[in-house]
Amino acid sequence: MTRWSYHVEAMNIPERWWRRKRQTQELTRLNQRLNNLGSAGWELVAYQATPMTGTFTSNIKGYAYLALFKQPLDESHGEPPTHREMERDASGPVGTEQPEKPGRT
């Protein structure tokens with residue numbers, strides 16, 4: 001019977017998503033992260049979109065996507081890599097950039 005290892009990651013998409021340039025940048029960044037995880041043997045099995053709202057208002061500022069990945073455990077190599085090891089090996093985790101400053105595109 002196959003045993004699985006699971007990994008959950010938050011992948012944030014900011015509210016300025018609709019701008020063509022920003023959309024292209026976000027999709028490229030998301031693609032890179034998903035490909036990095038896929039190259040490491042992780043398979044995306046589910047995701048859940050959760051709206052991110054402002055502190056003082058209920059205005060939606062963007063969405064956080066919780067992505068669930070799995071990979072078969074390789075019994076001969078011990079435990080799967082930790083979250084820190086995966087981030088170190090990836091070319092920049094999704095959702096860790098500084099927020100965009102108002103007035104910039």
If I filter the stretch 65-94 down to residues being surrounded by fewer than 16 Cβ atoms within 10 Å (Cβ to Cβ) and of a type in the set (A, V, I, L, M), which single residue comes out as modelled with the highest pLDDT?
Leu68
Picked from the stretch 27-46 (must be touching a residue at least 24 places away in the same chain (Cβ under 8 Å) and not aliphatic (A, V, I, L, M)), the residue surrounded by the fewest Cβ atoms within 10 Å (Cβ to Cβ) is Glu43
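The values are calculated or read from the model by the stated rules, or taken from the named source; none is laboratory data. None of the values given here were measured: they were computed from a predicted structure. Glycine also receives a Cβ, built like all others from the backbone with ideal geometry; neighbour counts cover every protein chain displayed.
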